[in-house]
1. Which ³J(HN,Hα) values in Hz, rounded to whole numbers, follow from the phi angles of the stretch 132-144 under the Karplus curve 6.51 cos²θ - 1.76 cosθ + 1.60, where θ = phi - 60° and Gly and Pro get x?
2. How big is the stretch 200-243 in terms of Cα radius of gyration and Dmax, in angstroms?
3. If you restrict to DSSP beta bridges whose two residues both lie in the stretch 8-241, what percentage is antiparallel, to the nearest 5?
4. Going 7 Å from the Cα of ALA230 along its beta-carbon direction, which residues of the stretch 189-209 have the amide nitrogen within less than 13 Å of the resulting point?
5. In whole Hz and in residue order, list the ³J(HN,Hα) couplings for the stretch 184-193 that follow from phi through the Karplus curve 6.51 cos²θ - 1.76 cosθ + 1.60, θ = phi - 60°; x for Gly and Pro.
6. Tell me, what is the FRET efficiency for THR8 and HIS206 to the nearest 0.05, using R0 = 35 angstrom and their Cβ-Cβ distance as r?
7. Suppose R0 equals 25 Å. What FRET efficiency, 1/(1 + (r/R0)^6) with r the Cβ-Cβ distance, do GLU162 and ARG60 give to the nearest 0.05?
8. Which FRET efficiency value, to the nearest 0.05, do you get for ASP241 and LYS76 by plugging their Cβ-Cβ distance into 1/(1 + (r/R0)^6) with R0 = 22 Å?
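Just so it is clear, none of the values below were taken in a lab; they were calculated from the coordinates. Small disclaimer: the values here were computed from a predicted structure and weren't measured. Using ideal geometry, Cβ is built from the backbone for each residue, glycine included, and neighbour counts are taken over all protein chains shown.
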Amino acid sequence: MTNVLDDTDVQRILAVMAHPDDVDFGAAGTVAGWTDLGIEVTYLMVTDGDAGGFDDAVTRTEMAALRRDEQRAAAKCVGVSDVRFLGYPDGRLEATLDLRRDIARVIRQVRPDRVLMPSPERDYRRIYPSHPDHRAAGSAALDAVYPDARNPYAFPELLADEGLAAWTVREVWITGGPAADHRVDITDRFDRKVNALRAHASQTGHMGDGLPEMLRTWLSANAAAAGLPAGRLAEAFQIVDTA
Ligand SMILES: [Zn+2]
């Protein structure tokens, strides 16, 4: 049995993701459940997703603005209003010290109990979730949780110049794995997840009914892995105790 913080013991959650739409594919149903409980959820998107989309008539600068708007609209579908962007270039992300500092800054500002992030590891069974930007964002986010955000001597300028005191995140949830050990039943919030993903129209607009069908296939497999009855849908995570 995985040891997971009780949601009633959690006040604030920060999701650090590489691109607009990552949090919605991986965790929108779970996020909706958290905000329903009154937990404050903040999104931090490392890139603007400006290398995504299928419309050649849209410039990359326009695409960045569009995708920020889409992410804000998607966030609203699941009760999230605090959406932040770091503006790193899409498709060229690396887990640099600058990125670790920029994520550690937001951790110290938000002071989350739990941080949601992509896996820093490559999954050889399913290549799509292992996009290099996802791995870089996951690696930098986990390093920002431990040790950077909690060590007052790491990036001392955050304290000296910005007054941001050290903060210890108690728990990390990695979307999808690498070795998923916790599933959240989101059957009753499936429609909100679909709505959130449809808000990313530049990415999902061409999918039509294929979008909910694809999601049902993934989420049913997660539910089956958790031993839930047929017809249930679940999002999967690996929990890391970082207290
Ligand atoms: Zn992505």
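1. Listing the rounded values in order: x, 5, 5, 5, 5, 5, x, 5, 5, 5, 5, 5, 5 Hz.
2. Every Cα atom of the stretch 200-243 included, Rg and Dmax give 14.1, 43 Å.
3. If I count the DSSP bridges inside the stretch 8-241, around 35 percent turn out antiparallel.
4. Within reach of a label on ALA230: no residues.
5. Coupling constants for the stretch 184-193: 10, 6, 10, 3, 6, 10, 4, 4, 5, 5 Hz.
6. Details: r = 41 Å, r/R0 = 1.17.
Taking R0 as 35 Å, the efficiency between THR8 and HIS206 is 0.30.
7. Working: r = 31 Å, r/R0 = 1.23.
The computed FRET efficiency comes out at 0.25.
8. My answer for the efficiency is 0.10.
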